[in-house]
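J.: Quick one: this structure, given as structure tokens, is what I'll be asking you about.
The values are calculated or read from the model by the stated rules, or taken from the named source; none is laboratory data. What you see is a predicted model, and the numbers here were worked out from it, not measured in a lab. So basically every Cβ, Gly included, is an ideal-geometry build from the backbone, and we count neighbours across all protein chains shown.
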Amino acid sequence: MKKRDCKKLDIDKFKHERKQLSSGKKLIAGMDEVGRGPLAGPVCVCCVIMPLDDIIDGIDDSKKISEKKRKILAEQIKEKAIDYTIQMIDEKVIDEINILNATKLCMKNAIEALKKKPDIVLVDAISNLDVSVPIQGIIKGDSLSYSIGCASILAKVTRDEYMVNLAQKFPDYGFEKNKGYGTKVHIEALKRVGACSAHRKTFIKFLEEKDV
């Protein structure tokens, strides 16, 4: 791909990165999570440091991109990344410490797993993390930041693949399609056969209390 400077593309996607570059930061990481809302499976976090002089077209919030396009972009991100890591926290830990704390722990693990220490980490929404590097939380960051968008795509593709594989072990719930989210098919299966070991018990209890 022909190298292009980030300033020549969508200004909104690089506003936060340019601000950090102008303040002297060099290694800027983007971080995002996928899987806070599902009834089953892990929460997944990606932290990635991307070169900003060799960009990839089409980066956006992973939810706005088709599955086929996400997979293509994910491979391009991995090839170009200066460094990246993908971490998961499973349903048992989510039940023990709640989903918000599990997400924060997963983000901390992701930052600490990077081989290169970033000068700052841009994060979608969350900002109060117990880590040794500066954090900037950006509301809707997966749409507004190129770096966070890249992290969003890698996290989404990785977790989706995990849930597709999990569907082979637990075929009743349609994980290959719903990825653990509370669709009609999924909830009907829960009523029919009960929960499996991949379900978040605290989430299922909440549903039962609401008589879903």
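J.: Answer with yes or no whether LEU129 is within 24 Å of LEU73 (Cα to Cα) and either touching a Cys at 6+ places or on another chain (Cβ under 6 Å) or not polar (S, T, N, Q) (or both). Lay out the reasoning, then the answer.
T.: Working: within 24 Å of LEU73 (Cα to Cα): no; either touching a Cys at 6+ places or on another chain (Cβ under 6 Å) or not polar (S, T, N, Q) (or both): yes.
No: the conditions fail for LEU129.
J.: A further question on this structure: Since ILE139 meets every condition but one in (1) of a type in the set (A, V, I, L, M); (2) crowded, with 18+ Cβ neighbours inside 10 Å; (3) without any contact (Cβ under 8 Å) to a residue 24 or more places away in the chain, which condition does it not meet?
T.: ILE139 satisfies all of (1) of a type in the set (A, V, I, L, M); (2) crowded, with 18+ Cβ neighbours inside 10 Å; (3) without any contact (Cβ under 8 Å) to a residue 24 or more places away in the chain except (2).
J.: Now, a different point. Would you confirm whether any residue within region 150-159 is touching a His at 6+ places or on another chain (Cβ under 7 Å) and in contact (Cβ under 8 Å) with a residue 60 or more places away in the chain? Steps first, please.
T.: Restricting attention to region 150-159, the residues satisfying the condition of being touching a His at 6+ places or on another chain (Cβ under 7 Å) are none.
So far as region 150-159 goes, no, none of its residues is touching a His at 6+ places or on another chain (Cβ under 7 Å) and in contact (Cβ under 8 Å) with a residue 60 or more places away in the chain.
J.: Quick test for you: out of LEU105, LEU129, pick the one residue that is over 28 Å from LYS13 (Cβ atoms), out of contact with any Phe, Trp or Tyr (no Cβ under 9 Å at 6 or more places or on another chain) and surrounded by fewer than 21 Cβ atoms within 10 Å (Cβ to Cβ). Before the answer, list the steps.
T.: Values: LEU129 fails: over 28 Å from LYS13 (Cβ atoms).
From the options LEU105, LEU129, the qualifying one is LEU105.
J.: So which residues in region 170-180 are in contact with a Cys (Cβ under 8 Å, 6 or more places away or on another chain) and of a type outside the set (Ser, Thr, Tyr), if there are any at all?
T.: Within region 170-180, PHE170, ASP172 meet the criteria.
J.: In the list ILE56, ILE28, ILE11, which residue meets the criterion of being modelled with pLDDT under 95, more than 14 Å from the chain's Cα centre (by Cα) and closer than 16 Å to ASP142 by Cα? Steps first, please.
T.: Details: ILE56 fails: modelled with pLDDT under 95; ILE28 fails: modelled with pLDDT under 95.
Answer to the selection: ILE11.
J.: Please find, within region 100-148, the residue that is modelled with the lowest pLDDT out of those that are hydroxyl-bearing (Ser, Thr, Tyr), in a loop (DSSP other than H, G, I, E, B) and touching a strand residue (DSSP E or B) at 6+ places or on another chain (Cβ under 6 Å).
T.: For region 100-148, the residue satisfying everything is SER127.
J.: Right, another one. All but one of (1) of a type in the set (D, E, K, R); (2) surrounded by 24 or more Cβ atoms within 10 Å (Cβ to Cβ); (3) free of Cβ contacts under 8 Å to residues at least 60 places away in the same chain hold for ASP53, so report the exception by its number.
T.: With (1) of a type in the set (D, E, K, R); (2) surrounded by 24 or more Cβ atoms within 10 Å (Cβ to Cβ); (3) free of Cβ contacts under 8 Å to residues at least 60 places away in the same chain applied to ASP53, the lone miss is (2).
J.: LYS26 is checked against (1) closer than 20 Å to SER197 by Cβ; (2) in contact (Cβ under 8 Å) with a residue 24 or more places away in the chain and fails just one. What number does that condition carry?
T.: The single condition LYS26 does not satisfy is (1).
J.: Checking the conditions here, which among LYS64, LYS80, LYS68 is among the charged types (D, E, K, R), surrounded by fewer than 15 Cβ atoms within 10 Å (Cβ to Cβ) and farther than 19 Å from GLU176 by Cβ?
T.: Details: LYS80 fails: surrounded by fewer than 15 Cβ atoms within 10 Å (Cβ to Cβ); LYS68 fails: farther than 19 Å from GLU176 by Cβ.
Only one candidate qualifies: LYS64.
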